[in-house]
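A quick write-up on the structure given underneath.
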Amino acid sequence: MTSAPSALVKLSIASAFCALALVPLLAPPFYANLLITFFAYSIALLGLNLLFGYAGLLSFGHAMFLGVGAYGAAVVAGLWGVKPFEAAICAAAAAALVLAVPVGMLCVRFTGIFFGMLTLAFGMLAHAFLFKFYHLTGGDSGMRVPRMSILGMEFAAYNKVEFLAGPFYYYCLALLAVASLLMWRIVHSPFGLSLRSLRDNPQKAEYLGVRVRRFRLAAFCISAIYGAVGGSILALRSGLADPELVYWTHSGHLVFMTVLGGFSSFFGPIIGALAMTLLLDQLQSITQYWRFVLGAVLVAIVIFFPRGLAGIADDAMRAARTTDGGT
Amino acid sequence: MTLLEARGVSKHYGAFRALDDVSLTIGDGEFLAIVGQNGAGKTTLVNLLTGLLAPTRGAVYFKGRNIAGIGPVVLAGRGMARAFQLVQIFPQLTVGETIAVAVVARQGKQWRLFSSLSRDSGVAARVQEIAGRFGLHDRLQAPSRSLSQGEKKLLDVASAFALEPEVILLDEPTSGVSSSEKHGVMKTLIAAAESARVKAVILVEHDMDLVAAYARRVVALSEGRVLADLPPGPFFSDPLIIATVVGKRGVS
């Protein structure tokens with residue numbers, strides 16, 4: 001197994017990173033603002049894919065952890081008046097872990113459709129809680145998330161749009177880079193190998209000394225933390241922790257992006273998040289039937305490109321290498 | 001020295017007695033074959049000897065400790081490995097990765113979240129060594145699903161050996177392997193067991209040619225009881241035992 005990406009992949013990552021770094025300088029603030037959602041979803045999906053692509057467990061309740069991140073930020077900044085965004089991220093990650101341990105312990109006893117349904121049920125419970133406990137959570141109007149400081153700086157001279165499209169944009173890009181790097185190490189570690197073994201054949205993995213449920217639980221917790229970090233970014237961007245974030249269709253949205261990008265590849269979910277963010281923005285401005293188009297895209301991907309956009313890119317790179325005479 | 005001991009074990013499923021008062025002691029240096037017709041209780045005995053099931057009566061001791069129902073992970077940690085009759089592989093993992101799963105578990109590195117597996121020379125060296133013993137050293141990068149049936153079988157057993165077990169239990173290791181290849185596979189397994197200093201090998205086998213050629217002790221089960229526990233010489237010269245164990249066909 002090769003742990004280092006190929007030269008071509010490295011080059012693509014470097015150019016993508018540079019291109020993203022240039023967006024706030026060259027494009028209108030609208031696009032930078034839009035790409036913040038891409039960063040947030042990418043981080044959340046890196047976590048979801050550890051569970052799905054690497055441990056073989058498809059969660060339909062991952063939005064719950066984005067909600068933990070969003071409401072965590074609302075509580076830390078809105079209720080407690082703590083300004084640093086780093087505090088919100090840490091609090092959200094800790095809260096996600098506290099929720100993920102008991103929920104995960106129940107869910108990882110099952111696999112396949114039963115795991116999916118159980119996570120869906122927990123997601124719906126979380127939504128009902130946020131929706132109904134009005135005095136705690138603000139019910140359908142959610143909780144306000146005030147502007148926070150990043151790296152100890154307030155950026156008071158910037159208005160909200162300037163803050164988001166400038167410092168916060170770069171902050172989230174850096175967060176995505178760090179989150180990707182950490183996840184890259186996790187999936188290429190002995191832990192990551194043990195996860196992939198139990199995905200392929202849990203019985204055999206047990207006889208080779210892999211405690212299947214503990215590993216699944218660990219993957220569930222890590223994915224929850226990633227989800228919460230993504231959720232805090234979404235909430236700070238929109239200024240609102242909204243119960244819709246936790247609604248089950250949002251979990252479906254996350255799964256959609258993962259499948260669109262390709263869950264069998266490390267970068268698939270990131271590609272899926274980018275494609276979905278841009279596609280949704282374009283579609284919504286063109287037609288009110290955007291859901292119909294999205295559905296058709298998903299059908300086409302599953303039937304014709306089951307490895308997703310990353311699979312298409314991978315095939316293209318292979319083809320390029322063979323026509324070059326191979327390297 | 002006694003490694004594995006079954007003391008008067010019975011396993012009942014309702015009124016059905018799958019195994020009835022079986023006692024068996026397996027010591028250092030043994031190569032033992034368990035034989036018997038379908039339904040004789042071989043699988044139940046093996047499941048008890050590996051701590052997968054708890055006996056209805058009696059107890060199974062591995063290195064002096066009761067192993068009733070301890071399960072596969074603890075069993076692996078205590079030094080017993082098991083390979084199944086049906087080939088068990090990780091289809092999407094490479095040959096090297098498959099062996100590495102066990103090596104990582106054996107070396108206690110499973111929970112290293114951020115260290116690079118491919119840069120771990122301790123793991124790589126063990127994987128190389130074990131693959132070499134099974135003739136898989138030049139297939140390390142190959143996806144497991146691309147191997148031939150015989151190679152898959154070897155990989156399955158190789159990953160069990162990678163746990164460095166003291167006792168290894170092989171359930172029909174040559175099933176699905178062509179008859180021209182089966183002696184080759186058995187010789188590879190025995191050579192690997194010797195070089196890995198495995199203390200005892202338990203073989204569950206239908207193929208009497210292999211039992212006669214390789215086992216040094218034969219335990220025959222019939223209707224949940226031990227019918228015979230003999231070296232292969234006396235075992236195969238007793239027509240009554242052969243008739244019961246092999247059926248009317250006899251042994252060629």
Q: Kindly list, by first and then second residue, each pair from a residue in the range A:122-143 that is farther than 18 Å from A:G69 by Cβ to a residue that is not in a helix (DSSP H, G or I), limited to pairs with Cβ atoms under 9 Å and residues at least 6 apart or on different chains.
A: A:M124/A:G61; A:M124/A:Y247; A:G139/A:F133; A:D140/A:D242; A:S141/A:L240; A:S141/A:D242
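Only one residue in A:A228, A:A179, A:A235, A:A218 is within 12 Å of chain B (Cβ to nearest Cβ), under 26 Å from A:G123 (Cα atoms), buried (at least 20 other Cβ atoms within 10 Å of the Cβ) and at pLDDT 95 or above, so which one is that? Talk me through it step by step, then tell me what you get.
Numbers: A:A228 fails: within 12 Å of chain B (Cβ to nearest Cβ); A:A179 fails: within 12 Å of chain B (Cβ to nearest Cβ); A:A235 fails: within 12 Å of chain B (Cβ to nearest Cβ).
Step by step, each of A:A228, A:A179, A:A235, A:A218 is checked, and only A:A218 is within 12 Å of chain B (Cβ to nearest Cβ), under 26 Å from A:G123 (Cα atoms), buried (at least 20 other Cβ atoms within 10 Å of the Cβ) and at pLDDT 95 or above.
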**Q.** Counted residues, the range B:137-160 - those being within 14 Å of B:V103 (Cβ to Cβ) and surrounded by 22 or more Cβ atoms within 10 Å (Cβ to Cβ)
**A.** 4
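Please work out if B:A68 is within 26 Å of A:Y54 (Cβ to Cβ) and either touching a residue at least 24 places away in the same chain (Cβ under 8 Å) or surrounded by fewer than 19 Cβ atoms within 10 Å (Cβ to Cβ) (or both). Reasoning before the result, please.
On the way: within 26 Å of A:Y54 (Cβ to Cβ): no; either touching a residue at least 24 places away in the same chain (Cβ under 8 Å) or surrounded by fewer than 19 Cβ atoms within 10 Å (Cβ to Cβ) (or both): yes.
No.
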Q.
It is to be established whether one or more residues within the range A:55-62 are in a helix (DSSP H, G or I), touching a helix residue (DSSP H, G or I) at 6+ places or on another chain (Cβ under 9 Å) and in contact (Cβ under 8 Å) with a residue 24 or more places away in the chain.
A. no
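In the range B:193-252, which residue that is at positive phi and touching a residue at least 60 places away in the same chain (Cβ under 8 Å) is surrounded by the most Cβ atoms within 10 Å (Cβ to Cβ)? First the steps, then the outcome.
First, the residues of the range B:193-252 that are at positive phi: B:197, B:223-224, B:247, B:250.
Then keep just the ones that are touching a residue at least 60 places away in the same chain (Cβ under 8 Å); that gives B:223-224, B:247.
Details: B:E223: 15, B:G224: 21, B:G247: 9.
Applying the filter and picking the extreme gives B:G224.
May I ask you to say which residue of A:I271, A:I301 is in contact (Cβ under 8 Å) with a residue 40 or more places away in the chain, within 30 Å of A:N201 (Cα to Cα), more than 14 Å from the chain's Cα centre (by Cα) and crowded, with 16+ Cβ neighbours inside 10 Å?
Numbers: A:I271 fails: more than 14 Å from the chain's Cα centre (by Cα).
Answer to the check: A:I301.
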(Q) Please return the ranges of helices (runs of 4 or more DSSP H) entirely within the range B:1-109 where 3 or more residues are among the small types (G, A, S) and closer than 30 Å to A:I186 by Cβ. (A) B:95-106
**Q.** Count of residues meeting criterion [within 22 Å of the chain's Cα centre (by Cα), in contact (Cβ under 8 Å) with a residue 24 or more places away in the chain and more than 19 Å from A:A16 (Cα to Cα)] in the range A:148-192
**A.** 8
Q) Could you count how many residues in the range B:45-68 are more than 14 Å from chain A (Cβ to nearest Cβ) and touching a Pro at 6+ places or on another chain (Cβ under 9 Å)? A) 2
(Q) Suppose we filter the range B:122-155 for residues that are over 25 Å from B:R112 (Cβ atoms) and touching a strand residue (DSSP E or B) at 6+ places or on another chain (Cβ under 8 Å); how many remain? (A) 1
Q: Those residues that are under 23 Å from B:Q128 (Cβ atoms), within 14 Å of another protein chain (Cβ to nearest Cβ) and outside any helix (DSSP H, G or I), I need them from the range B:148-169; list them, please.
A: B:A162, B:L163, B:E164, B:P165, B:I168
Q: Can you give me the number of residues within the range B:167-190 that are over 26 Å from B:L45 (Cα atoms) and of a type in the set (A, V, I, L, M, F, W, C)?
A: 0
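State which residue is nearest to the other protein chains (Cβ to nearest Cβ) when the search covers only the range B:107-127 and only residues that are within 22 Å of the chain's Cα centre (by Cα) and not charged (D, E, K, R).
The residue in question is B:Q107.
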(Q) Are there strands (runs of 3 or more DSSP E) fully within the range B:184-252 with at least 3 residues that are in contact with a Leu (Cβ under 7 Å, 6 or more places away or on another chain)? List them. (A) B:200-204, B:217-222
Q. Under the condition of being facing chain B (nearest Cβ under 7 Å) and closer than 20 Å to A:A93 by Cβ, which residue from the range A:183-209 is surrounded by the fewest Cβ atoms within 10 Å (Cβ to Cβ)?
A. A:R185
Q.
Just to be sure before I move on: is B:T98 farther than 30 Å from B:S148 by Cα and polar (S, T, N, Q) in the structure I sent?
A. no
**Q.** Evaluation of A:F263 against (1) surrounded by 12 or more Cβ atoms within 10 Å (Cβ to Cβ); (2) assigned to a helix (DSSP H, G or I) (one fails), failing number
**A.** (2)
Q: For the range B:99-122, state whether one or more residues are farther than 20 Å from A:R196 by Cα and free of Cβ contacts under 8 Å to residues at least 24 places away in the same chain.
A: yes
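State all residues of the range B:82-96 that are in contact with a Pro (Cβ under 9 Å, 6 or more places away or on another chain), facing another protein chain (nearest Cβ under 7 Å) and surrounded by 22 or more Cβ atoms within 10 Å (Cβ to Cβ); if no residue qualifies, say none.
Step one: of the range B:82-96, the residues in contact with a Pro (Cβ under 9 Å, 6 or more places away or on another chain) are B:82-83, B:85, B:91-95.
Adding the requirement that they be facing another protein chain (nearest Cβ under 7 Å) leaves B:82, B:91-94.
Result: B:R82, B:L93.
The values are calculated or read from the model by the stated rules, or taken from the named source; none is laboratory data. Just so it is clear, the structure is predicted and the values come from calculations on it, not from any experiment. Glycine also receives a Cβ, built like all others from the backbone with ideal geometry; neighbour counts cover every protein chain displayed.
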